[in-house]
Protein chains: 2
Amino acid sequence: MRTTLQPGLTNRLTKYLRTTQQLIEEGRDAVSSKELGDYTGINPVQVRRDLNAIGFSGTRGVGYQAYDLVEAVRDILGLRQTYNIALVGAGNLGSAIAASTILPKRGFVIHDVFDADTDKIGRTVGNVVVKHIDELAKSVAEAEEIIGIIATPASAAQHVADLMTEANIRVILNYTDVLLHVPSHVDVHRIDPTAQLMHTLYYLTQAEGQEAS
Amino acid sequence: MRTTLQPGLTNRLTKYLRTTQQLIEEGRDAVSSKELGDYTGINPVQVRRDLNAIGFSGTRGVGYQAYDLVEAVRDILGLRQTYNIALVGAGNLGSAIAASTILPKRGFVIHDVFDADTDKIGRTVGNVVVKHIDELAKSVAEAEEIIGIIATPASAAQHVADLMTEANIRVILNYTDVLLHVPSHVDVHRIDPTAQLMHTLYYLTQAEGQEAS
DNA sequence: GGATGTGAACGACTTCACAGCT
DNA sequence: AGCTGTGAAGTCGTTCACATCC
């Protein structure tokens, strides 16, 4: 009986996963709920409740076994498989994304890179040769890609989104500034650094205002 | 009596702000709570409650006046001022960030760009001349910067974070993959595209598993 | 008709407090 | 001593349903 987990829980589990993976890289063996709470901004009690909810136990006085925790969460979230990604845009941003280690470490592989600029076709970005955007549909089908990243100039974003939709891409990561219009079965995620900034700055300026009292 | 808004609310307000601004760019005049809900993933009822909570009213049968809404939210969040940002890392990623329109549109200005590579010093990135990382403390003080962006290779990230902390930076946007250790008065935000991916893919694969029934 | 505004019930998250293991 | 595990109370967010107004 594999019941679907609640949205909030899956969200938090991914955070535990990322921070624990990184603590392991630092050589850590066990992690406490307090630590996970500090790094993720989630209440320690909530952390314990969540890990408990997925049937994972720690040892009192010590914490949770880091490696086991990672495995347990990956199992629960079904993150054992690798996903191929189609990246469109081979400029500065696209090159940076293709070269980054963040995606591969989490089981995502930039399998194809596309661009409309014929000068860029054939160049290598990351480990991948840049293809022309016209080949997107074919490549996406062949590599069974369901995730697309848009790292083009803003002016091309909607067009690329349309191409991706036609090619049966289901999830789009949008690094541009434009609001994409897509069918409801396609999930768009914006990478917007200001979202977090605005939120934080509100509290920062509030705090400053109160320091006078 | 300017009471501090609840965390959840400010978070949601920033989302309404961004999408409304972009709808305005598309020439839209009025927005409905349903639309805002669709684009932000927030329940329309919640949208109405939130706008109500900050004392902003729409017109029934029509929606909310887009321009007025933007102004109202900016007032409430105190986002009238402009913030200068210190960006460290003038490689592909740093260049892309400096050239992007996302930040300036929201009142953030990349005022200084730093790098450790002497070959890059003096080059222009975005509209800014790259300085050596040693000048960070001085520049940050002069421009009264409280926000720093780390767009360096992962190996340099912690060192840069230390420099920023010493220079009195209060908010750090971390584009690298490493877990930064900073004093508790410094806010670190990770730009991690996989966070949203993992969450979405969980539901996508769950749904596929159930299509058979 | 179409959208806002709002009461009421529900569910999720937070927090306190404390028992229990190592 | 330190950290997990958990009951219970309180707060916040979500959703349904429907009245209200343009």
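Values computed for the structure shown
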{"read-out": "Tally, over the stretch B:54-73, of residues that are assigned to a helix (DSSP H, G or I) and either aromatic (Phe, Trp, Tyr) or at pLDDT below 90 (or both)", "value": "1"}
{"read-out": "Answer from B:197, B:201, B:163 - the residue that is surrounded by 16 or more Cβ atoms within 10 Å (Cβ to Cβ), more than 30 Å from residue A:5 (Cβ to Cβ) and out of contact with any Asp or Glu (no Cβ under 7 Å at 6 or more places or on another chain)", "value": "B:163"}
{"read-out": "Test: residue in the stretch A:95-103 that is more than 10 Å from chain B (Cβ to nearest Cβ), more than 16 Å from DNA strand C (Cβ to nearest atom) and modelled with pLDDT of 95 or more", "value": "no"}
{"read-out": "Hits in the stretch B:31-73 - residues which are more than 15 Å from DNA strand D (Cβ to nearest atom), open to solvent by less than 30 Å² (accessible area, probe 1.4 Å) and farther than 13 Å from residue B:9 by Cβ", "value": "B:31, B:66, B:69, B:70, B:72"}
{"read-out": "Members of the stretch B:74-102 found to be in a helix (DSSP H, G or I) and buried (at least 24 other Cβ atoms within 10 Å of the Cβ), listed by number", "value": "B:93, B:94, B:95, B:97"}
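The values are calculated or read from the model by the stated rules, or taken from the named source; none is laboratory data. Given the structure is predicted, the values throughout are model-derived calculations rather than measurements. FYI the Cβ positions are ideal-geometry reconstructions off the backbone, even for glycines, and counts take in every protein chain you see. Note: areas computed on protein heavy atoms with side chains; ligands, DNA, RNA excluded. Shrake-Rupley method; radii C 1.70, N 1.55, O 1.52, S 1.80 Å.
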